[in-house]
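The values are calculated or read from the model by the stated rules, or taken from the named source; none is laboratory data. Just so we're clear, the structure is a prediction, and the values are computed from it rather than from any experiment. Cβ atoms come from the backbone with ideal geometry, glycine included; neighbour counts cover every protein chain shown. Calculation scope for accessible area: heavy atoms of the full protein, side chains included, ligands and nucleic acids excluded. Shrake-Rupley method; radii C 1.70, N 1.55, O 1.52, S 1.80 Å.
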Amino acid sequence: MNDLKIGDLARATGTSVETVRWYEKVGLLARPARTAANYRSYGRAELMRLSFVRRARDLGFSIDQIRTMLDLSDDRSRDCATIDAIASANLSEIDRKIADLTALRGELANMVVSCRGGSVADCRILEALAPA
């Protein structure tokens, strides 16, 4: 499996070709070898690395956090405390976002409940959104 082209790699990981190129540009993926026809050539290692990056992005990790975790994973004997701290910080950020979204949902639900129908001139939602 050392002859994947960029489109093959992108499809295998559910990533766009542009995103693969961008990950190469920012250093999350190494610049690949080239074929005689100058196509990018990827193997299993790149597939696994891109799969990791894709999954980490899906879980909300930042590019810098992913870069740090990848750097740490290159030395399998290292302590994983840093990775645990990164994951814990990401979890805290997700909890904060959930709290913010819950509060926003409550405000919007109150606006919707206050709507009595009728004409736009009497719309409680528009009234609540208008500047004071």
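Key figures for this structure:
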| quantity | calculated |
| --- | --- |
| Asp95 within 26 Å of Met69 (Cβ to Cβ) and either part of a helix (DSSP H, G or I) or open to solvent by less than 80 Å² (accessible area, probe 1.4 Å) (or both) | yes |
| Filtered residues of the stretch 69-81 (kept if open to solvent by 40 Å² or more (accessible area, probe 1.4 Å), in a helix (DSSP H, G or I) and over 21 Å from Trp22 (Cβ atoms)) | Ala81 |
| Selected residue (only one of Ala89, Ala128, Ala103 is of a type outside the set (S, T, N, Q) and touching a Ser or Thr at 6+ places or on another chain (Cβ under 9 Å)) | Ala128 |
| Pair list, Cβ under 9 Å, 6 or more apart: the stretch 69-95 residue touching a residue at least 40 places away in the same chain (Cβ under 8 Å), other residue assigned to a helix (DSSP H, G or I) | Leu70/Arg49; Leu70/Phe52; Leu70/Val53; Leu70/Ala56 |
| When residues of the stretch 1-13 are limited to those that are open to solvent by 50 Å² or more (accessible area, probe 1.4 Å) and in contact with a helix residue (DSSP H, G or I) (Cβ under 8 Å, 6 or more places away or on another chain), the one modelled with the lowest pLDDT | Met1 |
| Selection within the stretch 23-68 - open to solvent by less than 20 Å² (accessible area, probe 1.4 Å) and either without any contact (Cβ under 8 Å) to a residue 12 or more places away in the chain or part of a helix (DSSP H, G or I) (or both) | Tyr23, Glu24, Leu50, Val53, Ala56, Ile66 |
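To keep it simple, each residue is scored yes or no on (1) open to solvent by less than 90 Å² (accessible area, probe 1.4 Å); (2) within 22 Å of Leu59 (Cβ to Cβ); (3) of a type in the set (Gly, Ala, Ser); (4) at pLDDT 85 or above.
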site	(1), (2), (3), (4)
Ala99	yes, yes, yes, yes
Gly106	yes, no, yes, yes
Asn110	no, no, no, yes
Cys115	yes, no, no, no
Gly118	yes, no, yes, no
Cys123	yes, no, no, no
